[in-house]
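Asks: Provided herewith is a single structure, encoded as structure tokens, for subsequent inquiry.
Bear in mind that the values in this text are calculations on the coordinates, not laboratory data. Owing to the predicted nature of the structure, the values given are computational and were not obtained by experimental measurement. All Cβ positions, glycine included, derive from the backbone under ideal geometry; neighbour counts span all protein chains shown.
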Amino acid sequence: MRSGVATSAFRRGDERVPGFATGVDDGGSRWTCVASLVETCKLNGVDPQRYFTDLLTRLVNGWPRSRIDELMPWHWAPAKNA
């Protein structure tokens with residue numbers, strides 16, 4: 001993960017800390033993971049909002065664990081009906 005990029009975005013105040021990152025012991029690490037995925041999407045020319053929408057939909061609908069690598073931002077392709 002690119003936590004340095006995520007940490008920089010957090011320190012610059014470019015993005016607001018979401019509610020799930022406050023008041024929880026591991027909230028900082030959760031925020032770092034989400035921010036890192038957003039920055040990785042941007043670096044790979046992927047719209048983060050479309051990516052997360054499609055990613056969560058696929059996971060909820062039972063995406064197989066054996067194919068999880070296909071969902072990484074650098075491999076991701078939106079579903080044909082998305």
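Asks: Within 10 Å of each residue's Cβ, count the other Cβ atoms and sort 42, 80 from fewest upward.
Replies: On the way: 42 14, 80 5.
Arranged by neighbour count, lowest to highest, 42, 80 become 80, 42.
Asks: Just order 65-72, 45-52, 29-36 by mean Cβ neighbour count inside 10 Å, highest at the front, would you? Write out the running numbers ahead of the final one.
Replies: Details: 65-72: 10.1, 45-52: 14.2, 29-36: 17.8.
Sorting 65-72, 45-52, 29-36 by mean packing, highest first, produces 29-36, 45-52, 65-72.
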